[in-house]
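Trainee: Here you go, one structure.
The values are calculated or read from the model by the stated rules, or taken from the named source; none is laboratory data. Owing to the predicted nature of the structure, the values given are computational and were not obtained by experimental measurement. Note that each Cβ is placed from the backbone with ideal geometry, even for glycine, and that neighbours are counted across all protein chains shown.
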Amino acid sequence: MRAAELLTQVRTTWLQRVSVSLARGTGARQPFGQQLERFYDCLQQAVTSGNPAWLDSILLEWTGSPTLTDLQQQKNNVSELLTKIISITNDVAIENLAEQDALDLLTTITPFYTYALEKTARLEMEARVNYISNELIEMQQKLERLDKTKSNFISVAAHELKTPLTLIEGYAAMMRDSVSKDGNHQIDTLLTGVNTGIQRLRAIIDDMIDVSVIDNNLLSLNMQPLWLSHLFEILQRDLENVTRERHLDLEFKPFEGSELWIYADTERLYQAFYNVLTNAIKYTPDHGRITIDGRMLPGFIEITVTDTGIGISPENQAVIFEKFGQVGRANLHSSGKTKFKGGGPGLGLPITRGIIEAHGGTIWVESDGYDEEKCPGSKFHILIPARTEATDPKIAKLFGKLEKAQPEPDGKENPSTDASAP
Ligand code: ADP
């Protein structure tokens, strides 16, 4: 009880000293003197009762309304204020009380000040964590809105571009017809150029539409029975001209899962692997090698597409699956679908990922890094479920018929020749 009396004894001096030295720069919300008096009352109550929780209400009030600037500048105003109050209390006690009394008072109130400091530090930390999480939530909402706007823009732009493109296509075809009747070779050559441009533009618009369909979770799959080996053979054949022109070796190594009848959307899988393979072609220098391989895993088939190309840096290995995630220079874009480093708009891999994920699979890439000199290469892994049963009864019936016609191990009897061809 003696400490409470000593506190009363130094109250006026304490209040004067603290308000004079701290009034400036505290940003006090109420008249500072009143706030200090309340603090002192609470301290006295705490000391008298032996319960530091008497300090809680004033500490909560002080820490509960930090200004935005305090939070942004990460200031611990109340902790700093308390530290100064403690130091002034020491001075006031030493200067105004007998030595023993000062010692008694300081020994008694130190645990209460320690409690106040700990409590304040926790409250200020909580206020900052709340502030940061709110900032993060706001930022995330902004990003989501931005992504939605981007996605809407892609969808609107793609559909708007499609109509005039169809018109240009129609007129170009009519011009070609009339020119071929006249036999004007020069114009015919020019029209071939126009046609190539139209096809390229159509491919980009189709990619934009696919991306917006995937973004809006509207990709519907047309599941059919297929052999992956068949799909890869078709792809190998379709890309033969390009690989020959670029002196690239595109090899397909048959593996256990590639001979399995599975259910998948043949056209969409063709599109997915076409994207991965044309990328491998684009980013592998002439005379390089691209290998399609794979293995059977429990419930899944893993397909790998390995190239001896320029590779992908670790920081870009996830980015490339995001839309417009191309990592090259913008001026390299659209310089050709299969030319070395002829980058596109960066929609191929997001579409591929969308297709693979719609099948219940996943895609990722491994590479030792990006190096145009050493060419460390890239290895794309694609996992797709080994779905061997049809959910659609019509498909089940068709599957039954096809199963009867399963090929010999040498693969001579291939019933899918056209049924599942993309
Ligand atoms: P793009 O239209 O630019 O080819 P993609 O989405 O198909 O877009 O690919 C995104 C980016 O990923 C490419 O711009 C390229 O930088 C990188 N990339 C994709 N495949 C490979 C690969 N096999 N080797 C090296 N880089 C690759």
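Trainee: Can you pull out every residue in segment 84-110 that is within 56 Å of the chain's Cα centre (by Cα), closer than 22 Å to residue 20 by Cα and without any contact (Cβ under 8 Å) to a residue 12 or more places away in the chain?
Mentor: 87, the sole residue that qualifies.
Trainee: Still on this structure, please answer the following. Here's a check for you: in segment 295-304, which residue that is surrounded by fewer than 24 Cβ atoms within 10 Å (Cβ to Cβ) and not charged (D, E, K, R) is farthest from residue 270 (Cα to Cα)?
Mentor: Looking at residues that are surrounded by fewer than 24 Cβ atoms within 10 Å (Cβ to Cβ) and not charged (D, E, K, R), I get 298.
Trainee: Sticking with this one: Quick check: anything in segment 316-330 in contact with a Phe, Trp or Tyr (Cβ under 8 Å, 6 or more places away or on another chain), within 10 Å of the ligand (Cβ to nearest atom), modelled with pLDDT of 80 or more and among the acidic types (Asp, Glu)?
Mentor: No; the residues of segment 316-330 include none that is in contact with a Phe, Trp or Tyr (Cβ under 8 Å, 6 or more places away or on another chain), within 10 Å of the ligand (Cβ to nearest atom), modelled with pLDDT of 80 or more and among the acidic types (Asp, Glu).
Trainee: How do the pairs read when you match residues in segment 237-264 that are assigned to a loop (DSSP other than H, G, I, E, B) with residues anywhere that are of a type in the set (D, E, K, R), using Cβ under 8 Å and keeping only pairs 6 or more apart or on different chains?
Mentor: 246/286; 247/286; 248/286; 248/289; 253/293; 255/293; 255/295
Trainee: A further question follows. Do the conditions hold for residue 253, that is, is it more than 23 Å from residue 219 (Cβ to Cβ), within 16 Å of the ligand (Cβ to nearest atom) and not hydroxyl-bearing (Ser, Thr, Tyr)? Walk me through it before giving the result.
Mentor: Working: more than 23 Å from residue 219 (Cβ to Cβ): yes; within 16 Å of the ligand (Cβ to nearest atom): no; not hydroxyl-bearing (Ser, Thr, Tyr): yes.
So residue 253 does not fit the description; no.
Trainee: Right, here's the next one. Listed residues 278, 291, 306; which is under 11 Å from residue 378 (Cβ atoms), within 13 Å of the ligand (Cβ to nearest atom) and of a type in the set (S, T, N, Q)?
Mentor: Every option except 306 fails the conditions.
Trainee: Same structure again: Does segment 222-232 include one or more residues that are under 33 Å from the mean Cα position of the chain (by Cα) and loosely packed, with under 15 Cβ neighbours inside 10 Å?
Mentor: Yes.
Trainee: Another question, then. Looking at (1) at pLDDT 95 or above; (2) assigned to a loop (DSSP other than H, G, I, E, B), find the lone condition where residue 380 falls short.
Mentor: (2)
Trainee: Please find, among 107, 67, the residue that is at pLDDT below 85 and either farther than 30 Å from residue 218 by Cβ or in the same structural domain as residue 13 (by TED's automatic domain parsing) (or both).
Mentor: None of the others qualify; the one that does is 67.
Trainee: Looking at (1) in a strand (DSSP E or B); (2) modelled with pLDDT under 95, which is the one condition that is false for residue 388?
Mentor: Answer for residue 388: the failing condition is (1).
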